[in-house]
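This report concerns only the one structure given below.
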Amino acid sequence: MRRVRPLPLGRSGPNRLMPVILAPMAYIATLALAGFLVVQGLVADWRAGMDGVLTVEIPAAADIPTTQARVSAALAALGAHPDVASAEVITAERADRMLQDWVGDAVDLSAFPLPILLDIRLVPGAGEGEAAVQALLQAVPEAEPIRAEAWLEELRGLVDVIELAALGVLALAVAAAVATVIAVSAANFTAWRSVVELLHVMGAEDRFVAGAFQRAALRQAGLGGLVGVGLAAATGLAVAWSLGRVDPLLVDQFALPAWAWWPLALVPVGTALLAMVTARLTVLLALRRLT
Amino acid sequence: MEPIIEFSNVGLRYGMGPEVLQDVTFRIDRGAFRYIKGPSGAGKSSLLRLLSLGRLPSRGEVRLFGTDVRRIRRSALPGLRRRIGVVFQDFRLIGHLTAIENVLLPLHLAGIESHRNEAHVRELLEWVGLGKRMDAKPSTLSGGEQQRVAIARAVILNPEILVADEPTGSVDDAIGRRLVHLFEQMNAIGTTVIVATHSEDLIRRTPHDVLMLDHGRVTDPGARVAGLEGLEGSAP
Ligand SMILES: Nc1ncnc2c1ncn2[C@@H]1O[C@H](COP(=O)(O)OP(=O)(O)OP(=O)(O)O)[C@@H](O)[C@H]1O
Ligand SMILES: [Mg+2]
């Protein structure tokens, strides 16, 4: 059976512009969303890394025996506490290596009296380990818990700003895309107005006319969305590659969490659906005005 | 005979403009053949627009198929429109579709495309002398050829009402006679035919009742026998 060719609503007229305009918007939206998700992932990683872990600093005393006594007292107090799963000295060698990375080879660390760091793992449900810290401070008043949480709280402000900025860019991209799709749909309808009026008088059902327009919009916007996300993926890969050249570990740090791929994959789908619904509403409203 | 079209005190204006039809009252019985004649700008095309449900009246009552068109649900209008075939004064073929696709379009809109129907479309196009131009785009057809495609498109669904605006305006005499013959054949099988025309010649050659229109008013409703006394809807 010969089919009447569908009207070329997508391939001519203003609709042709849809992919060209929507691809950059999908690109920006994807990058903003990816940025937001990366930051979320980083924060979650930090929190997970810190959950149930405490670091305590025992300042070095003037002589080694006193220092050793403080460390023993601290380990004893912690070992006796029910909230503590394990407590151990971060060995001098390990601490040296961590520090040496910071200060570089030029400085000879063995010349300084370094504080002793205790690595404490809490039992699940021990919260932030306040009770254990209290017990420790009673035994060794000089001990200084290192408040990693506090440090994270300070970072929180920065993280909030970055997340808000990313969401703001995302919202702007979506708003611009909606406005563009409305404008393009209206222009497209105007361009096809005489044909639409003809079909209308020939007894075309509204859903037939709207269907032709929404299919074209779906295709064109979906194309734009795919191109935008594709370009964003290429950008992401380029960034990952550059990070990897700096330090392969950074790539893991900044990698998107597995669940975060879904929202990104939804960008082209969202773009296409947005255009489809907009085109449908534009056409149905315009048809209503035609008697 | 029951009236298939009934106008009572109908007025039509475009937007905020003046009334281009005023107090138009007439009726057309099912199966009739009626010309609508009048000078340019008299309102013939506007009247046909009301007849084909392209517009609703600004005032008064238009009854098609026995129903007041203003009382018809919006969702029921497309179905009614498909029972009315229209030949537009400016043809209005769809430029992106070939001649045969333009004629298939009403079948497509009605959801009844089929091989048998396509054969019927080909036959019809042969008959109007376009057998060799079926796959041509409208822009490559002459005015007369386009008009014949438009007419084929209007009659393909076997409409109950056929409305034609200057259907012989762009064709030579021989083709014109053929087209009018087609209309008469449709009329013979029960289609109500309404043709707007300037052409005295056409009316003389194939005489039927003539509704006269001038300055938006009916000067003669044209139903010589039953029409005048039937104006109030009391036909025998
Ligand atoms: N879409 C429209 N919008 C506004 N005014 C219109 C429109 N169509 C027609 N008119 C006006 O309505 C009046 C009647 O026009 P119409 O086309 O019905 O006349 P007509 O008898 O068909 O003329 P012709 O013989 O030249 O085709 C004219 O004054 C015209 O300017
Ligand atoms: Mg006219």
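Structure above, values below:
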read-out: Computed over chain A: relative contact order in percent, which uses C-alpha pairs under 8 Å that are six or more apart; value: 36
read-out: Solvent-accessible area per residue, Å², over the protein assembly as shown with all protein chains present [probe radius 1.4 Å]; value: 50
read-out: Of A:Leu231, A:Pro14, A:Val38, farthest towards positive along the dipole that unit charges on Lys, Arg, Asp, Glu beta carbons give chain A; value: A:Pro14
read-out: Percentage relative contact order, chain B, counting C-alpha pairs under 8 Å, at least six apart; value: 30
read-out: Cα gyration tensor, chain A - rounded (a/c under 1.5), prolate or oblate; value: prolate
read-out: Calculated [θ] (222 nm, deg cm²/dmol) that DSSP helices of n ≥ 4 give over chain B, each run adding -39,500 (n - 2.57); value: -9000 deg cm²/dmol
read-out: Threshold 40 Å², the stretch A:197-235 residues less accessible with all protein chains present than alone (1.4 Å probe); value: A:Leu198, A:Val201, A:Met202, A:Gly203, A:Glu205, A:Phe208
read-out: Amide proton proximity set for A:Val84, modelled H, under 5 Å, gap of 5+; value: A:Val123
read-out: Expected 222 nm ellipticity per residue - DSSP helices of 4 or more, -39500 (n - 2.57), all of chain A, to 500; value: -24000 deg cm²/dmol
read-out: In the A-B interface, the accessible area buried, summed over both sides, Å² (probe 1.4 Å); value: 2700
read-out: Pairwise centroid distance, computed over Cα atoms, of the stretch B:119-148 with the stretch A:229-291, Å; value: 49
read-out: Residues whose placed amide H lies under 5 Å from that of B:Leu211, excluding near-sequence neighbours; value: B:Tyr35, B:Ile36, B:Lys37
read-out: Portion, in percent, of the accessible area of the stretch A:143-291 that falls on carbon or sulfur, probe 1.4 Å; value: 73
read-out: Rg/Rg_ref, the protein assembly as shown, where Rg_ref = 2.2 N^0.38 Å and atoms are Cα; value: 1.71
read-out: Rounded tilt (10° steps) of B:173-188 against the dominant C-alpha axis of chain B; value: 60
read-out: Convex hull projection area averaged over all views, chain B, Cα basis, nm²; value: 12.9
read-out: Long-range amide H partners of B:Leu93 with built H, under 5 Å; value: none
read-out: In Hz, Karplus ³J(HN,Hα) per residue of the stretch B:44-53 (6.51, -1.76, 1.60; θ = phi - 60°; x = Gly, Pro); value: 4, 4, 5, 4, 5, 4, 5, 5, 9, 6
read-out: Sites matching trypsin sites (Lys or Arg not before Pro) across the stretch B:107-149 that sit in DSSP coil, with at most 16 neighbouring C-beta atoms within 10 Å; value: B:Lys132
read-out: Options A:Phe208, A:Ala275, A:Leu136, ranked by Cα towards positive dipole end of the protein assembly as shown, top entry (Cβ charges); value: A:Phe208
read-out: For the stretch B:39-124: rounded, prolate or oblate by the Cα gyration tensor [a/c cutoff 1.5]; value: oblate
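The values are calculated or read from the model by the stated rules, or taken from the named source; none is laboratory data. Given the structure is predicted, the values throughout are model-derived calculations rather than measurements. Note: ideal-geometry Cβ built from the backbone for every residue, glycine included; neighbour counts use all protein chains shown. The protein model used for the area step is the full one, side chains on, heavy atoms only, and it has no ligands, DNA or RNA in it. Shrake-Rupley method; radii C 1.70, N 1.55, O 1.52, S 1.80 Å.
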